[in-house]
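The values are calculated or read from the model by the stated rules, or taken from the named source; none is laboratory data. What you see is a predicted model; the values in this text were computed from it and never measured. Don't worry about glycine lacking a Cβ; one is built from the backbone with ideal geometry, like all the others, and counts go over all protein chains shown. All accessible areas refer to the heavy atoms of the entire protein, side chains included, with ligands and DNA or RNA removed. Shrake-Rupley method; radii C 1.70, N 1.55, O 1.52, S 1.80 Å.
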Amino acid sequence: MKRIFLVFVPLLFLATACTEDLASLNVETKKPAAIPAPTLFSNAVKSLAGNLATASVNVNVFRFTTSQWAMAVYQDEAQYDFATRAIPNSWWNGMYRDVLADLRESARLINADPTLLPKEKANKLAILDIMEVYTFSILVNTFGNVPYTQALDAAQLFPVYDDAKTVSASLLTRLNASIAKLDPSAAGFTASEDVVYKGNVSKWAKFGNTLRFKLGMVLADVDGSAAKAAAEASDAGAISTASDNGLFTFLSASPNQNPIHVDIVLGGRQDYIAAKDLMDKLLGWNDPRTGLYFSTNNGGKYAGGIVGKVNTYVDFSRAGAKVIAADAPYVLADYVETEFLRAEAKERGFTVAGSAESHYNNAITASILYWGGTAAQAAAYLAQPEVAYATAEGDWKQKIGTQKWIALYNRPYETWTEVRRLDQPKITAPINAKSGFPTRLTYPNTEQTLNGKNYTAAASAIGGDVVTTKLFWDKN
Amino acid sequence: MKKLVLSWVLMMAVVSTLFAQTRQVTGKVTSSEDGSTIPGVSVSIKGTTTGTTTSADGTYKITVGNGASLVFSSVGFLNKTIPAGNATSLNVILEVDSKLLNEVVVTAGGVLRDKKSLGYATSTITNEQLTVGRTTNPVNALAAKVAGVRIASSNGMVGSSTAIFIRGFTTFTGSNQPLFVVDGVPIDNGGGSNALQNGVSNSNRAIDINQEDIENMSILKGPAAAALYGSRAANGAILITTKKGKTGQKNSVVFNSSYNIVEVNRLPDYQNEYAQGTVGGRYNPISNLSWGPKIAGQAVTNAFGKQENLTAYPNNVSDIFQKGINMQNNLSFQGGTDKSAFRFSYGNLQETGILSSNSLNRNNFTLNANSQVSEKLSASVSAQYITSVSERSQIGNQLSNPFFRSWFMPRNYDLTGIPFEDPATGNQVFFDNTDNPYWTLKNNTFTDELDRVIGNIALKYYLKPWLAVNYRLGVDASAYGTVGYDQIGARGGANTSAGGTGGIANSSLTSRDMNSYFQIIGNKNITDDLKLDFNIGNEIVESRSTYMSTTGRNLAIRDLKNISNASVVTAFNQTANRRLVGVFGEFNFSYKGYANLSFTGRNDYSSTFGAGQNSYFYPSIAGSFIATEAFPALKSNVLSFLKLSGNYAKVGKEAGTYATNTLFLLAGASDGFGPVINFPYNNLGGRTLSNTQADPNLGPEFTTSREIGLEAKFFKNRLGIEMNYFNTLSTDLIFAVPVGPSTGFTSQNRNAGSLKQKGFELLITATPLQTSNGSWDISANFTTLDPIVESLAKGVEFIQLGGFTTPGTRLYAGQPYGLLFGSVFNRASDGKKLIGANGLTSLSPLQGAIGNTNPDWTAGITNNIRYKNFNFNFLIDIRKGGDVYSRNIGDLYRSGTAKETAEFDRFTANGDIAKPYIIEGTLANGQPNTTPVSAQDYWSNIYNFGTGESYVFDGSWLRLREASISYTVPSKVLAKTPIGKMELGVNGRNLWLYAPNFPHFDPETNATGVTNSQGFEANGLPQTRNYGFFLRATF
């Protein structure tokens, strides 16, 4: 009988021996638990640029919202239908999850890295913070109140929404600190890690100043002193030449081509055409950018379609070769917008160098040059009375607003924000518009369920979760 | 458990001292069927409680008194009583009990048990039943044959996967597929899911099994049946017993051959009157819609600028298909000596598909051998080598799927006649911006190659005649490689999403599953009436897999399928290792054979959980009571058998690998929306924090089931009824719980949510006719199942199972599992469609439930009619309900190509657009709609692209699933040939289909293959039927 008993010994032995190293088998060896922090920064910036550049009808449809492009076949997005394709979700998720989470994680890792020299660490953290401010500003200026102080924390599954105005002020405060921290004498990210400025810290300072200038001006109608302070602090340090432009350059080779190239050239999408609104402005003033912004229709002519209407693709102009090029860059910040900001600051009576007219002329000239026109073409364009600052139609808001709308082409989110802010040009509602002009995006519908209490509070705080609610700075 | 064993051992010691007899009798028990020895035969002295059982080699030894008679009994054989006289040696041949033969079932752990003693439901399918249809995938061969089992084939492409759900679902986003076990050792049935928007139709790995090697399949249906296989059998288990040689059997050779034609079983009905065009009945050669002018031979300029006369090409779609061939040949050698036996078989399967560039060639080499090494030790080895090569083509919602838009090919487009490529450049020629179907079939290729070894060794040692130690070690190792090639100029995602630059995708998956079982198996009469069987042991499962892929894009040279041809290469590497250790025990008490009570308990240790959570225990209890044996008075000419059974069981389920750590990922994949983020970018590898936050405190899921059953036989077993009612409750389900993205994550791996089901299964068997010349047997099964999502995590409105965001399949608390969700029409207050002033419907901004993918009930009816040497078998497969979202049907309507869209003339006599339709609905003012609209307005409004609601069709069907007629050549005829037995016949599968509410296509389709998302079709490929003949000869 004892012999039988022996049988159980190996049984127990086998069972216990095999459970000892169970924990080691639960370690994923092909995915890192620790990584070099800059790789998160590079990826976050690329994600951000991709979201801002794409023309995907699932993500970024502001080209239609601002009547720069029209659609040939599907009209949903052109008619202000943001719900069908859950555009607010993609925009929100894209910013929080794909950009901010990685920037924050990168900063956490850099902060914890004892091997970094203090100045290099400070530069890296400042650059990360500038990009975080850049991204949060997009969220706050798209949605209004958003999770901010409790965001990006897995321990806070139900983050509260912070007041948009408070967030905006906080972003400016952070920018002040981060710009001050940047020290061009020390290293930042390396040339390959820094996908915008290839490691040039002084250019990041210019980028930061232009961003502060821009975010300050957003507040101009609601908090003039904050706008003035931001503009005056930034003027001298902001981007002052096209070579300072902050570009994210896509590559000519797959898989890192510009998403518009992927969609239109590789995907063969025959749906996007020039909008009549923009095309008529370009043609009316013999804009040298006409053939750079758009191609001709099948008949060799320039023509824009009506937004919201089914348009026959072959009859209209489409995005130009420079827009759909595989390696077309996305402009994160540039000289053109900075000069327009300076012109506007001047008109608002802020203390910045130069004259409104000179900045206006610089901005338009820089835009034409950027797109491939010549200085002579720019001069001829500006000489026209409809364009010339002194004689162009309307007040400064209309003059700057109209030209900025043209010049911000292919920066759809920025175009939308400036149209909302300057209220120029007046956008004609598309045919069968689902709503009035959208002055914000609704919160993603997932927020209603996943963060319901805070969502409800935020929706009522901003005056209702609809696209026509005006953000706090949108006074007109 | 140790205590239990100890006390039991002590008890046995007491019992054994009671023996005190005078003479020893020895002998061997063999089977009348093939002379093989029978282990485990109960040998008892008549009229006493004394007895023994035969050992592994069928021998016994018993001490008897003078004049005693010995009673030999064994499951599956008729009892035999023999007076021992004064013999000291007594060899016995037991007659096979044909009535009871099919009642022996393989249960968990490979233990054979008498079906009538079981307290839970099982079903057994024999080789003959399995192979009627000669289908390639053995999972398909189970369709409609077993109550409680739902078989869902994804499409009719060669090698396509088929999902199997035994008693529905136990989890949300993890696998609901059962465990496949071959000869007591689990094997891998992974794979078989398809991407929605790129790639080919994949196989589930059970497809590697040669059906001719299968002796039978035993289907264990619930946690009770499968408790001993632990976690992996939470969704039931399919126990495959392979054919083996038998000791004492004379050597024989069996040759099996079948040849079947494979063809599309249902093609759409087209209108062939109207040409391409989008607006106003005008011809438009680049439109993919057929709302153009009437086709009347008029001269037009086609898409390539050439003049042609408008002509209808009614077969421009059906011509894309070809007749495929499925050819299966098997040769086996088997035999045995008195101590050992073997079987060797070679099987070859060759199938060419219904589309060119689709084929599968599989070779199976199988060797089974067993030997009685000594009186107490037996050993067996089973080894199988499988090599399989296939070619596949693209499927899904992508421009490279040859049927992305081809189902609604403009009726006037001469697809067959117009060349599909430019002979000089190889560039494709097509009017549309999708890939030309012929071009993509030729140019976007995919091949795979599998080498797989499945083997096990088993040793059994009898410590005592009633106590054996069993050790089994199994391995399932495979290397699977794929090569995808996307031609330069391809327009769709295909294999590499190269965006027209050409791409090559190489991947290799090597995996190895090791399963080790150590078991102590015993049976003993505790008293004369009370018998105990037990089975205690452990299981160690270790799975390791490594996946490597390299994807190259931007090809320099056409058709050079070498990764070095690509200028941009990205690589990916993944491993998944896991181990599960289980300790289990099963104790079956049987009182006089008619009252049975069974207890199981199991403790698992899983590497998929953190240290504190990785050990968990779960029990089961099952009982059965055979009333007709307990109270023989109940038996009558009407009632022959009555059994009641019931069980309660719980099973724990482990998590997916690496669900407890939050990690960084190489930035590469986007979430399907927005720009594709790819690295390396300028030689820089980008990283991103995982979007899923892991929970280190993750614990197991549990499924609890309760079942009651009734089995009755009437009229001397001519009519039988089996009923089972069960419910299951699955709790602590592990899934990626959505969280607000402002946390930086979009989900968190957590235990949350619960799922409950109740179901009813009925099996009726009948023999309406039985004469000496033949018989007619009917077996009908019926299943109804009601899976309801009880709860999700707090704040989580739904979980996406599959499909698109909208439409898609989702889980909502309180709703059936796998709800179809999508856009719905605006409705008036009377519930009818709200019709606008233009006479058309509009979509509601709010989406809603648009269908329930679960069938109301399913049934299968097998008829087997034998007359003299002829046998006629056919299987009717019925499904009631089960909604299917069909992109294809909607496309046919929307595009104006379906026959129905031309039921009325589209033009009036004077050439104006006719307006023959009035959409039934209500205007805003409450009045019924009276505004007539044109055919184009009608069909493209109701079946507008985003209109989820109208794309949902009831998937009910009635089909002749399988049929065969066979003839057994009389032995007289074969007397002068070397052939011992010969059977030949004709067979077919999917021969006839009636789907009253599902026009144009077969409703048996699923875009994503083996996934929990069922009932969703997006540009799917058709199902097939096959028919042919077969031959089986024994030499």
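Brief remarks on what is shown
- Amide H partners (placed H, <5 Å) of B:GLY851, local residues excluded: B:LEU820
- Across region A:181-198, coupling constants 3J(HN,Hα) worked out from phi with the 6.51/-1.76/1.60 Karplus curve, θ = phi - 60°, read 6, 5, 10, x, 6, 10, 6, x, 6, 6, 4, 7, 5, 8, 7, 9, 10, 6 Hz, and Gly and Pro carry x.
- In nm, spacing of pseudo-spin labels at B:THR575 and A:ALA353 (7 Å Cα→C-beta vector): 6.0
- Computed about its Cα centre, the charge dipole of the protein assembly as shown is approximately 3780 debye, with only Lys, Arg, Asp and Glu carrying charge at their Cβ.
- Measuring r between the beta carbons of B:LEU644 and B:PHE872 and using R0 = 45 Å, the FRET efficiency lands at 0.80.
- Per-residue average of Cβ from other chains inside 10 Å of B:601-609: 3
- Compared with the direct C-alpha span, the chain from B:VAL453 to B:LYS250 gains 70.2 nm at full extension, assuming 0.36 nm per residue.
- Modelled label reach - A:THR249, point 7 Å along Cα→Cβ, region A:186-205 residues with backbone N closer than 15 Å: A:191-200
- Long-range HN-HN contacts of B:GLU215 with modeled amide H, under 5 Å: B:THR241, B:THR242, B:LYS243
- Accessible area (Å², per residue) of chain B, counting only protein heavy atoms and a probe of 1.4 Å: 37
- Cross-link reach list, aspartates and glutamates versus B:LYS531, counting only Cα pairs under 15 Å and skipping chain neighbours closer than eight places: B:ASP114, B:GLU586
- Extent along the principal axes, Cα only, for chain B: 110, 71, 66 Å, with the longest axis given first.
- Were the residues from B:PHE344 through B:LYS794 laid out at 0.36 nm apart, the gain over their Cα-Cα distance would be 156.3 nm.
- Shielding by partners for peptide A:145-157, expressed as the average number of C-beta atoms from other protein chains within 10 Å of each residue's C-beta, is 4.
- Protection proxy ranking, highest mean first, for peptides B:164-171, B:813-820, B:582-589, A:298-305: B:164-171, B:582-589, B:813-820, A:298-305, where packing is the per-residue count of other beta-carbon atoms within 10 Å, averaged.
- Trypsin sites (Lys or Arg not before Pro) restricted to DSSP loop in region B:240-277 with at most 14 other C-beta within 10 Å: B:LYS250
- Residue-by-residue Karplus 3J(HN,Hα) for region A:281-286, coefficients 6.51, -1.76, 1.60, Hz, glycine and proline x: 5, 5, 5, x, 10, 6
- Vicinal HN-Hα couplings computed from phi for region B:606-611 (Karplus, 6.51 cos²θ - 1.76 cosθ + 1.60; Hz; Gly/Pro x): 10, 6, 7, 10, x, 3
- Cα gyration tensor, the protein assembly as shown - rounded (a/c under 1.5), prolate or oblate: prolate
- Put simply, chains A and B cover up around 6800 Å² of each other's accessible surface, both sides summed, when a 1.4 Å probe is used.
- Hull-based mean projected area of region B:21-98, where the convex hull spans the alpha carbons, in square nanometres: 4.5
- Per residue, the convex hull spanned by the Cα atoms of region B:399-543 amounts to 189 cubic angstrom.
- Among the GluC sites (Glu not before Pro) in region B:852-926, those located in a DSSP loop and surrounded by at most 12 other Cβ atoms within 10 Å of their own Cβ are B:GLU903, B:GLU920.
- Sites matching chymotrypsin sites (Phe, Trp or Tyr not before Pro) across region B:278-330 that sit in DSSP coil, with at most 13 neighbouring C-beta atoms within 10 Å: B:PHE304
- For region B:471-544 versus region B:280-329, the inter-centroid distance based on Cα atoms is 46 Å.
- For chain B, the dipole from Cβ point charges (+1 on Lys and Arg, -1 on Asp and Glu) about the Cα centre works out to 2600 debye, to the nearest 20.
- Residues with amide H under 5 Å from that of B:LEU639, placed H, sequence gap 5 or more: B:PHE715
- Length added when fully stretched, B:VAL973-B:GLU215, from 0.36 nm per residue minus Cα-Cα: 270.1 nm
- Spin-label model, B:ASN637/B:TYR385: points 7 Å from Cα along the beta carbon direction are separated by 6.3 nm.
- Using R0 = 30 Å, the C-beta based FRET efficiency linking A:VAL314 and B:ASN315 works out to 0.45.
- Of the cross-linked pairs B:LYS145/B:LYS246; B:LYS116/B:LYS592; B:LYS243/B:LYS716; B:LYS46/B:LYS716; A:LYS346/A:LYS397; B:LYS758/B:LYS880, those separated by over 22 Å at the C-alpha level are B:LYS145/B:LYS246; B:LYS243/B:LYS716; B:LYS46/B:LYS716.
- Per-pair calculated FRET efficiency, R0 = 25 Å: A:VAL73 and B:ASN826 via Cβ, rounded to 0.05: 0.65
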